[in-house]
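All remarks here apply to the structure that follows.
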Amino acid sequence: MTTYLLCFVLFLVGLFGVLTKRNIIKIAIGLIIMELSLFMFFALIGYVDNGIAPIIVEKTENTKFVDPLPQAIVLTAIVIGLATTAMLMAIAIRLYKKYNTFDIRKIANLKG
Amino acid sequence: MNSLIPLFIILPLATAILIMLFGRLAKVLQKALPSAVLLFLTGLSFYFIISWDSGIYIYEIGGWGPIDNIPISIYFVLDGLSILMLCIINLVGFLSGFYAISYIKRYTGENKFYALFCLMIAGMNGVVLSGDIFNLYVYLEIAAISSYALVAFEVEKEKLEASYKYQVLGCLSSFFILLNIGLLYWYTKSLNIADISRIMEASANKNLIIFIQILFIAGFGLKAALIPFHAWLPDAHSSAPSPISAMLSGVLIKAIGIYLIIRLFFNMFDITYEIALLITVIGTLSMVIGVLLAIGQWDMKRLLAYHSISQMGYVIIGIGIGMLILAKGGNKSWAALSIAGGLFHMTNHAVFKGLLFLNAGAVEYTTGTRNLKELGGLSGSMPVTSSTSLSASMAISGIPPFNGFFSKLIIIIAAAKAQYFLLTFLAISVSIITLASFLKLQKKTFYGKLKNWNLNKIKEAPFTMCFSMIVLAILCIGLSLLIIPGIRENIMIHVVYTLINKSNYLLILSEL
Amino acid sequence: MIGMTLILKKINQLIVGLIFLYGIYIITHGHLTPGGCFAVGAVIAGAFFLLVLAYGSDILKLRKREEGSSVAESTGIFIFLVLAFTALIIVTRIFFTNYLPKGITGELISSGVIPLYNIAVGIEVAAALFNTFLALYL
C-alpha cells in the first residue's frame, strides 16, 4: 500500500510543480513527473508477488504470472507521452525564439 | 454494415499518411483527397442513420473472441449516440476541409495542415466508436495532440502562447483520465466499458467510485472547457486558423468532452443524485458565466469562443436534468425528452457554431482584421457571408424557424416539467443575453456605416468558402425538421434509448 | 552546428555500426523476446543521434536528411496500415487478423504477421524519433 501512496505523492509533486513554477521548461518537467508517476502506478497494478514473465511455454500451469495488460498499457502510454513531450518542447523552443525568455510572466499577452 | 465500421478510422488515417508521402508531388491530391474521403464518410454515416434498426453493432478487431465470458479483444461499438456523433464529426469535417482549400492557400506547409486535420478526424471517430476505455484514451490523445499542433499552425507569438496554455491544461486532463483508467483497472480488472459496468454493479466500493467520477468530471470538463476549467478555450479557439476553429469549437469539445461524459456516466456508472446535481450545477455555471464573459469581447472569434462555453452549458443542463429525474426515479419519458433536447442542441451547436467561425474566417480573409471596432458595413460587398452569418446568429440566439429555437425550447420545457424553475428562468435569460450579443456582432460587422476600407479590395469570399457556408446555413433551417414527430421518434428517441436503459448497453456482452 | 573532436568521431565510427546491428537483432527477434518495435526504434534512432552529435549538422547536409526521415516515417505507418488492411479486404474480412501461418513457437520465422508489423513500426519509430530530434536540434 505504501508504494501506491508514494506514487500518488509523486503525482502531487508534479502537480505542485505545474501549478507553482514560472518557467515553461519547468512546467513541462512537472508534467513529465506526473506522467511517470502514472506509469509506475500502472506497473504496480500488474505486479504479483513472485510472479514471472507471462510467456506461456509448456509445464508452467501452476506458476504465477504478473499481469501483462498494464505493461502493454504503459508501453502505449509511453509512446503517447513521447509525442506530448515533443510537442511541448517544440512549442517551448519556438516561444523562446520569439520572446527570448522562458518566464511565463513576461510571455503573457493573452488574457484567458 | 458491420464490416464497414473500421473504415471510419482507416480512411482518414490512410489519407494523412498518403498526403505526407505524395502531397509534395501532386498538389491536387493533397487538396482534393481529404474532402473526398470525408464526403464518403459523411455519406456512410448518413447511410447508417437511415438504415439503422436500433440494434447495437459490435466489431471485434483481430477476431479475438471472448474467453470465459471475459471480453479480451478491442471492440468498436456502434449505437445510436455513436452514429449521431459520427454524422456531426464527418459532416462538419468535410465542410471545414472543403472551406480550407481556399483559406489555407496563404500559408506554407499545406500538406502538414491537411495531414494533421485528417489525423484529428481519425482520432475523434475512434473516440466515438471505441468500446474500450483505454483505446478511447489513445484516440483521445491522437485528436488532442493534432489539435495542439493545429492551434499553433500560424507560428506567431500569440498562437504559440495559446497553444502552450492549451497543451499544459490538456496534458493535465489527460493525466486525470489516465489515472482514472488505472484506478478502474485496479478495481475491476477489466477495460471494456460494458464489462466494467457489470462488475461494478456486482460489488460497489462507494468511496472509490465517487473519487473516480469526480476525477472524470475534472478530466472531461477540462477537455470540454466547462466553467471552472475554461481558461484555455477562448485563446486556443481564437488563435487557430478559422476552419480549425470551426472544428475545435463545433466538434472537438463535443467528441472528446461532452460525448465521453454522457457515455461513461450513463452507460458505465450508476446514476446517483449527487453526481447528477454536480453536473447540473457545472452546466448552469457554464451557461451563465460564459455568456456574461462574452458580452465585453471585441474580438470576433473570442466572442464566439465564449459563446461556445455558454452553449455547452445548455447541453450539459439538458443531460443533467435527465440524470436528476432518473436518479430520483421520476418519469422516464421526461428524462428522455430532456436528454434528447441536450443532444439535439449539441447537433445544432455543431452546425451553427461551425458556420459562425467559418464566417469569421471569411471576414478575416477579405479584410485582414477581426476586431469589431474596425469592421462595419460589409453586408453590401459580402452578401453570402452576411446572410449566412445572420441565419447562424438567429439560430444560436433562438429565433423560431431556426434549429436553435427548438432545441432550447425542449430543454426549457423539460426543466419546467421537472420543476427546476430557477434553471428555466436562467435558460431563458441567457438566451436573451445571447441575442443581444449577436445583435452587436451583426451590427458592428455587416451593418452600420462602412469604415474607410479600400472598396475594391473587399469582395465576396472564393467559391469553396461560400459553398461550405451555404450548406451549413441550409442545415441551420433543415435541422429543425428533427422536431417533427415522425422524424423525431426515428432518430432522437433511438439515440436516447441506449442511454437511459443501461441494461440495454450491457446486452453487448451477451452478443459477443 | 559544428562537430566534435577527432577522438569522438573515430569512436563513433566504431560504435555506430554495432548499435545499428543490435537494433536489427532486436527487431528480428521482437516476437520471441521481451522488447520489440518501440525499443528498436529508440536504439536505431540513438545511432543516428550519435552520428549527428559527433559530426555536426553541416557535413551531413541535414535539411535533406530530414525530408528523407519524414518519408521513411510515413512509409513505416503505410506498410503497417496496408498489412492490417489486407486482412480486412482479402483474407478474413476482419481488421488486424493474423492471417499468415503461425509456425512453431520459438522459431525465428513464426507467429504470422507480427514480425512484419514489428519491422514496420520499428522503421516508423526510428524515423519519427530522428525527425523530432532534428526538428528540436536545428
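Points worth noting:
- Counting only helices (runs of 4 or more DSSP H) that sit wholly inside the range B:153-272, those with at least 1 residues that are within 14 Å of chain A (Cβ to nearest Cβ) and surrounded by fewer than 22 Cβ atoms within 10 Å (Cβ to Cβ) are B:157-188, B:206-224.
- Qualifying residue in the range A:55-72 (condition: within 9 Å of chain B (Cβ to nearest Cβ) and within 12 Å of the chain's Cα centre (by Cα)): no
- Applying the condition of being surrounded by fewer than 16 Cβ atoms within 10 Å (Cβ to Cβ) and touching a residue at least 40 places away in the same chain (Cβ under 8 Å) to the range B:1-22 and asking which residue is nearest to the other protein chains (Cβ to nearest Cβ) yields B:SER3.
- Top-ranked residue in the range A:1-24 [being within 30 Å of A:ARG105 (Cβ to Cβ) and touching a Phe, Trp or Tyr at 6+ places or on another chain (Cβ under 6 Å); ranked as nearest to the other protein chains (Cβ to nearest Cβ)]: A:ILE24
- Selection within the range B:132-152 - within 7 Å of another protein chain (Cβ to nearest Cβ) and closer than 17 Å to B:ASP235 by Cα: B:ILE145, B:TYR148, B:ALA149, B:ALA152
- Selection of first residues in the range C:42-68 that are at pLDDT 85 or above and of second residues that are among the aliphatic types (A, V, I, L, M) and crowded, with 20+ Cβ neighbours inside 10 Å, restricted to Cβ pairs under 6 Å at least 6 apart or on distinct chains, gives the following pairs, ordered by first then second residue: C:ILE44/C:ALA126; C:ALA45/C:ALA126; C:ALA45/C:LEU129.
- Among residues of the range C:119-131 that are surrounded by fewer than 22 Cβ atoms within 10 Å (Cβ to Cβ), those with a beta-carbon under 9 Å from a residue that is not in a helix (DSSP H, G or I) at least six positions away or on a different chain give the pairs C:ILE119/C:GLY30.
- Residue match in the range B:99-118 (condition: within 14 Å of chain A (Cβ to nearest Cβ) and aliphatic (A, V, I, L, M)): yes
- Any hit, the range A:27-48, residues being out of contact with any Pro (no Cβ under 6 Å at 6 or more places or on another chain), acidic (Asp, Glu) and more than 7 Å from every other protein chain (Cβ to nearest Cβ): no
- Of all residues in the range B:420-449, those that are within 17 Å of B:LEU292 (Cβ to Cβ) have Cβ atoms under 8 Å from Cβ atoms of residues that are modelled with pLDDT under 90 and assigned to a loop (DSSP other than H, G, I, E, B), 6 or more apart or on another chain, in B:SER431/B:GLY398; B:THR434/B:GLY398; B:LEU435/B:GLY398; B:LEU435/B:ILE399; B:LYS440/B:LEU372; B:LEU441/B:LEU372.
- Residues of the range A:83-103 that are part of a helix (DSSP H, G or I) and either of a type in the set (Gly, Ala, Ser) or surrounded by fewer than 18 Cβ atoms within 10 Å (Cβ to Cβ) (or both): A:ALA83, A:THR85, A:ALA86, A:MET89, A:ALA90, A:ALA92, A:ILE93, A:TYR96, A:LYS97, A:LYS98, A:TYR99.
- Test: residue in the range B:366-374 that is assigned to a helix (DSSP H, G or I), hydroxyl-bearing (Ser, Thr, Tyr) and more than 19 Å from the chain's Cα centre (by Cα): yes
The values are calculated or read from the model by the stated rules, or taken from the named source; none is laboratory data. Keep in mind the model is a prediction, meaning the values are calculated, not measured. Heads up, the Cβs are rebuilt from the backbone with ideal geometry, glycines too, and the neighbour counts pull from every protein chain shown.
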